[in-house]
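Below: one structure, written as structure tokens.
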Amino acid sequence: MFRNQYDQDVTTWSPQGRMHQVEYAMEAVKQGSAAVGLKSDTHVVLATLNRASSELSSHQRKTFKVDDHLGIAMSGIISDGRSLCRYMRNECLNHRYVFEAPLPTARLVRQVADRAQVCTQRSWKRPYGVGLLVAGFDKAGGKLFYCCPSGSYYDYKAMAIGARSQAAKTYLERKFEEFASADLDTLIRHGLQALSASVTDGELTKDNVSVALVGKGTPLTLLEDADLEPHLAALADEVGGDGAGSGGAMEEGGGADGASAPPAAPDGASGAAEAAPAPEDEPPAPMET
């Protein structure tokens, strides 16, 4: 994206029908570290990759609890995300105080999307530079939504946002049919496996990963530090087992494609690839210069 005369204001349209300031906000989401969400029939899981600004700093937290039945993961400008998180908490508290019941996930997501959309129609405001994955479990069952800086929101079975999230999406698209019937531990491992696909340097550790889960009979729970070690160990064993299995198959097959080596030619018979000996009276071939 390049700066041009149509991106000076959020309310200015380009001749191509685009609003560049909104697109810049959506680009900010792609610059943040990856976040993954997926759901089964009984649970919804969020997993985030946390960054540290330097080796001397702690990792920045990207997963937050909104209510007992609802949590969010974010990618982009985290300060904008904390502002939206505070708004969501207030809405949940007000609804619980008035109606003595939790706020439905879909209704809260629509309110957040409406709030984000207002910032695309006011010249004195700017769009939120953060994308939210909202996980909730209410009377309608498990829900996973993505809130875009443009004010749009989408309901997903599985979704990944942030830097290098396409690799995570590829894994989710390949495995999503298994999610509906998966138990909680398996669902967490799928989330961590998808998140690891977006990591190019280093590996997943208890310091740079956060997991949030909510489900039927399970209030929103954040897994961090020592709580993640069993799941990371299981993921490492699973990945190591797959690698060993593929290596054994190659060794047993005698080649990368498992094909056996061709039989050796019998003694005294020349191979098909051997060149026939030149006649003795034939002059030698000239040397190349």
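No lab work stands behind these numbers, since they all come straight from the coordinates. Predicted model, so just to flag it, every value in this text is computed and none were measured. Backbone-built Cβ (ideal geometry, glycine too); neighbour counts: all protein chains shown.
Assorted remarks:
- Those lysines that a straight Cα-Cα span of less than 28 Å connects to residue 216, excepting residues fewer than 8 apart in one chain: 39, 62, 65, 139, 143, 157, 169, 175, 206
- Computed extension gain for residue 61 through residue 124, at 0.36 nm per residue and net of the alpha carbon distance, reaches 19.7 nm.
- Within region 27-240, the proportion of C-alpha pairs whose separation exceeds 33 Å stands at 11%.
- Gain in span if fully extended, residue 238 to residue 12, counting 0.36 nm per residue against the direct Cα distance: 76.2 nm
- Placed amide H near residue 182: partners under 5 Å, 5+ positions off or other chain: 41
- Distance between region 161-212 and region 30-73 - C-alpha centres, whole angstrom: 11
- Backbone HN-Hα couplings from phi across region 93-105 [Karplus 6.51/-1.76/1.60, Hz, Gly and Pro as x]: 5, 5, 5, 5, 5, 7, 9, 6, 7, x, 6, x, 4
- Table column - 3J(HN,Hα) (Hz), region 106-115, Karplus curve with 6.51, -1.76, 1.60, x for Gly and Pro: 4, 5, 5, 4, 5, 5, 5, 5, 5, 5
- In plain terms, the chain from residue 221 to residue 79 could stretch by 48.9 nm, reckoned as 0.36 nm per residue minus the Cα-Cα distance.
- Which of 71, 240, 90, positive extreme of dipole for region 27-240 (C-beta unit charges): 90
- Seen from residue 39, the other residues with C-beta closer than 14 Å to its C-beta sum to a net charge of -2, counting Lys and Arg as +1 and Asp and Glu as -1.
- Each Lys and Arg contributes +1 and each Asp and Glu -1, all at the Cβ; summed about the Cα centre of region 27-240, the dipole is approximately 1100 debye.
- Protection proxy ranking, highest mean first, for peptides 181-192, 222-233: 181-192, 222-233, where packing is the per-residue count of other beta-carbon atoms within 10 Å, averaged.
- Long-range HN-HN contacts of residue 66 with modeled amide H, under 5 Å: 71, 72
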